[in-house]
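The structure under discussion appears below in the form of C-alpha cells.
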Amino acid sequence: MVEDIASVRAERARYPTDSWGLVPTMGYLHEGHMSLVRRARSENQHVAVSIFVNPAQFSNPGDLDQYPRDEARDLAMLEDAGTNLVWTPHPDTVYPEGYATYVDIGRITERLEGASRPGHFRGVATVVSKLFNVFEPTRAYFGQKDAQQAATMQRMVRDLNFNLDLVICPTIRADDGLALSSRNARLTDEERILAPRIYDAMMAAQRALHAGTVNGGALRALVIEFISKRPEFRVDYVSIADTATLRELETVDDRALLSVAVFLGDVRLIDNITLDRH
Ligand code: AMP
C-alpha cells in the first residue's frame, strides 16, 4: 500500500513495458469490486487498485461523511486477490492547496445522475483523469453497475486521447437480485429485504417489453408503479434511454438502457439493466 504519488510512479516505472490493469474504487470492497480486480488480474501482468472516497464527486456532504470505510479489510481482500499496488491517497495528496483544474464532460453527463447530483461527473472525470496520469494503466476497469459513469469514461477516454483500453464489467448481484453496492451496508434489515424490488421492477419491464409494450413512457410508468407500491421507496428517476447517448427513448425498437435511482429510507440506490426487445 502506498500513499504518495511518487511511490505509485516509482512502482509503475519498475515494470515500464509490462501491462498494468487499474481498478479505481472508493473502498468498502465487495464481490462487485473483486470481479473487476479478478478480470484485471487475468488480463494484465500487474494490477493496481486505488481506494479514494473522492470529495469532489459528492454533492451532499452528509453522504460523503456517511460513506462506509474499512481500509484494513479492503487491503486484506486485495492482497488475497494478488493485487500488486494499492493507492490510498489522502484528499490533500489528490487536491493540494491551490488545486484548480477540473474535467467537464458535456451532454452525456447532464441527465440522470448528473441532474440529481450536480457536479458529480465533474468530480469523477477529474479524479479518474488524475488516476490515469499517475498510473498510466494499459487497461482500466469499471462496472456496468454505474452505467452512466461507464459511458462518461468512454467519452472522456476518446475525447482526451487517453492511451488505454476501458473494460466495462457486468453487474454482480446478490442471489435475490440486489446489485452489490457499498451503500447497501447502510440499509436496515427491513430495507435490505425490500431492496430487491428494484431488480424485480426492472425484470417486470423486460417481460412487458417482450410481451409487446415498446412505449418508453409506459415502461417507465410500470417500473415506477412497481417500486412505489411500497411506501418505503421514493423514486428519484426511472429512465429508458439510448444505450450510447443516454437520451430518453419514446419507443424501444431494439435495445435500451433501463436505469433507476431510488431512495430507500435515506440510502440512495442506483441500478440498471439493458432491455432487449428480442
Ligand atoms: P465504487 O467503489 O462504488 O466507486 O465502485 C468502484 C467500481 O466498481 C466502479 O467501476 C463500479 O461501477 C464498480 N462496481 C460497483 N458495484 C459493482 C457491482 N455490483 N458489480 C460490478 N461492478 C461494480
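The helices (runs of 4 or more DSSP H) found entirely in the stretch 9-123 that carry 2 or more residues being within 17 Å of the chain's Cα centre (by Cα) and away from the ligand (no atom under 15 Å from the Cβ) are 113-116.
Annotation note: Cβ proximity below 7 Å between a residue of the stretch 158-172 that is farther than 19 Å from residue 244 by Cα and more than 8 Å from the ligand (Cβ to nearest atom) and a residue that is aliphatic (A, V, I, L, M) and assigned to a strand (DSSP E or B) (sequence gap 6+ or interchain) occurs for 164/140. A search for C-beta distances below 7 Å between a residue of the stretch 135-152 that is without any contact (Cβ under 8 Å) to a residue 40 or more places away in the chain and any residue that is near the ligand (Cβ under 8 Å from one of its atoms) and not in a helix (DSSP H, G or I), counting only pairs 6+ apart in sequence or on different chains, returns 149/142; 150/142; 150/144. Of all residues in the stretch 53-69, those that are in contact (Cβ under 8 Å) with a residue 60 or more places away in the chain have Cβ atoms under 6 Å from Cβ atoms of residues that are loosely packed, with under 12 Cβ neighbours inside 10 Å, 6 or more apart or on another chain, in 59/118.
Going by what's in this entry, would residue 113 be described as of a type in the set (Asp, Glu), within 21 Å of residue 272 (Cβ to Cβ) and in contact with a helix residue (DSSP H, G or I) (Cβ under 6 Å, 6 or more places away or on another chain)? Yes; evaluated as a whole, the condition is true for this residue. Scanning the stretch 126-157 for residues that are more than 8 Å from the ligand (Cβ to nearest atom), of a type in the set (Gly, Ala, Ser) and touching a strand residue (DSSP E or B) at 6+ places or on another chain (Cβ under 6 Å) returns 140, 147.
Of the numbered criteria (1) crowded, with 17+ Cβ neighbours inside 10 Å; (2) over 23 Å from residue 150 (Cβ atoms), the one residue 86 fails is (2). Any residue that is under 25 Å from residue 35 (Cβ atoms) and of a type outside the set (A, V, I, L, M) - is there at least one of those in the stretch 222-234? No, that holds for no residue. Under the condition of being small (Gly, Ala, Ser) and either crowded, with 19+ Cβ neighbours inside 10 Å or within 10 Å of the ligand (Cβ to nearest atom) (or both), the residues counted in the stretch 173-209 number 7.
Read-outs: derived from the displayed coordinates by stated rules, not from any lab. Computed from a prediction, not measured in an experiment: that's the story for all the values here. A quick note on method: Cβ atoms are made from the backbone with ideal geometry, for glycine too, and the neighbour counts reach across all protein chains shown.
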